[in-house]
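Report on one structure; see the data block that follows.
The values are calculated or read from the model by the stated rules, or taken from the named source; none is laboratory data. If you're wondering where the values come from, they're calculated on a predicted model, not measured in any experiment. Glycine also receives a Cβ, built like all others from the backbone with ideal geometry; neighbour counts cover every protein chain displayed. With ligands, DNA and RNA removed, areas are computed over all heavy atoms of the protein, side chains included. Shrake-Rupley method; radii C 1.70, N 1.55, O 1.52, S 1.80 Å.
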Amino acid sequence: MIYLIIIGVILLDYFISYFVPVYFGNLNYFFPMLTLTFIVFYFNKCDAKKYLKVVGITGIIYDLVFSYLFLFNTLIFILFGKILKKVDKLIRYNYLVSIVMLVLFIFLYDLILFGLVYITEYNSVNFNDLINKFTHSLALNLGFYFLLTIVFHNKKILK
């Protein structure tokens, strides 16, 4: 069941980005990073081994659909999963911590991509582009997180 949900989230990511075109010159408030949002949401819904397996498979599927760098997102997603495990050991993982982690991960993901674009000179970008992309992606992704919390309040569906 969890893999069907993941495929649905990735397809939702795809269709939103298809119907609402977003790029550095045309940022709007509906920049989807729903798969990353789901990864943060799904933490603590199953055991740690299964979580990292699900995150790895999600990354592979996401790379096949969206990325030109195979395993790039897989490695980032697994890294974020391991960070969540460390945070859970230090601080009791709860609703507020997960929202803070989501905002942090959105920023880190944007920062990593911005760094790659800047270093490779693939596109002309500046620091304002990074801040705009980050702020423009928060509204939709936080809203999606709250929607996931409401829809999947029963943890048994996600196992």
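Structure data summary
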| item | result |
| --- | --- |
| Environment charge of LEU108, counting only residues whose C-beta is closer than 15 Å and scoring Lys/Arg +1, Asp/Glu -1 | +2 |
| Whole-percent carbon and sulfur share, accessible surface of the range 1-109, 1.4 Å | 73 |
| Lysine pairs in the range 76-159 with Cα atoms under 30 Å, if 8 or more residues apart or on separate chains | 15 |
| Per residue value of the accessible surface for the range 1-145 (all protein chains in place, 1.4 Å probe), Å² | 55 |
| Burial ranking of peptide ranges 136-143, 2-9, 117-124 (average Cβ count within 10 Å, highest at the top) | 136-143, 2-9, 117-124 |
| Counted charge near PHE31, where neighbours are those whose Cβ lies closer than 14 Å (Asp, Glu -1; Lys, Arg +1) | -2 |
| The chain: DSSP helices with Cα axial extent of at least 30 Å and average Kyte-Doolittle hydropathy no lower than 0.0 | 95-120, 127-151 |
| Estimated dipole of the chain in Debye, rounded to 20 [Cβ of Lys and Arg +1, of Asp and Glu -1, Cα centre] | 940 |
| Pairs of alpha carbons in the chain whose separation is greater than 26 Å (percent) | 23 |
